[in-house]
Amino acid sequence: MHKKILAFLLMSICVMGVSACGNKSNINTSQNNTGTKIEEKVEAKTEEKVETKIEAKTEEKSGPKTEEKIEVKTESKGNIPNRYYVAGIDDAVEFEKVFNTVKSLVSKGEKEKVAEYISYPLTSANITVTTKEEFIKNYDSIITEGVKNALVNQKVEETFVNYKGVMVGNGQIWFGAIIDNNSNTTKYLIYSINQI
């Protein structure tokens, strides 16, 4: 019974999300004596193609076995999934390029170049830096060994992502989509560094 409820809730959440985006939804539900089968296929056409397929199969408690299968497939620009959309990051390829560049620069200790990827002002370990020069001067207090290790050991595809941004490690570094007021463009920058 709990699996039926979970399947129903999962389907409801997907339908609400698609409805909120104004996308076309096609839902097929069939029920028989041995259980419930729910299939949902959603296809949205925007600038990027997104396709999601969710299947859940359950049998009654009295049945001999229970089978569950959940498959989520997302396609976007150039067939690269954008798992960062919830963080306001529109271009997954560009974000991952920035992430890996910063990771390489931090591993090499290139303070001046790392400073280019910081959103100012930055508060870290009770130090507030408002310029690249202040960041470079306080680099060793901000990019501690723990912060460096968290970034160097983090695989971009295993980062935690939510509406606040992309988290490295246990929250040592947060990346976000920052609007540059001078050029009115979006840049992917570090906006928070924490010595955890």
With criteria (1) surrounded by 14 or more Cβ atoms within 10 Å (Cβ to Cβ); (2) in contact (Cβ under 8 Å) with a residue 60 or more places away in the chain; (3) farther than 14 Å from residue 190 by Cα, residue 163 comes up short on (1)
If we keep just the residues of segment 130-145 that are of a type in the set (A, V, I, L, M, F, W, C) and assigned to a helix (DSSP H, G or I), which is surrounded by the fewest Cβ atoms within 10 Å (Cβ to Cβ)? 136
If you go through segment 166-178 one residue at a time, do you hit one that is modelled with pLDDT of 95 or more and surrounded by fewer than 16 Cβ atoms within 10 Å (Cβ to Cβ)? yes
Pairs, first within 13 Å of residue 192 (Cβ to Cβ) in segment 112-126, second aromatic (Phe, Trp, Tyr) and at pLDDT 95 or above, C-beta under 6 Å, six or more apart: 118/135; 119/191
Sort through 114, 166, 161 and tell me the only one that's assigned to a helix (DSSP H, G or I), of a type outside the set (Lys, Arg) and under 23 Å from the mean Cα position of the chain (by Cα). 114
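The values are calculated or read from the model by the stated rules, or taken from the named source; none is laboratory data. Quick caveat: nothing in here was measured; it's all calculated off a predicted structure. All Cβ positions, even for glycine, are placed from backbone atoms using ideal geometry, and neighbour counts span all protein chains on display.
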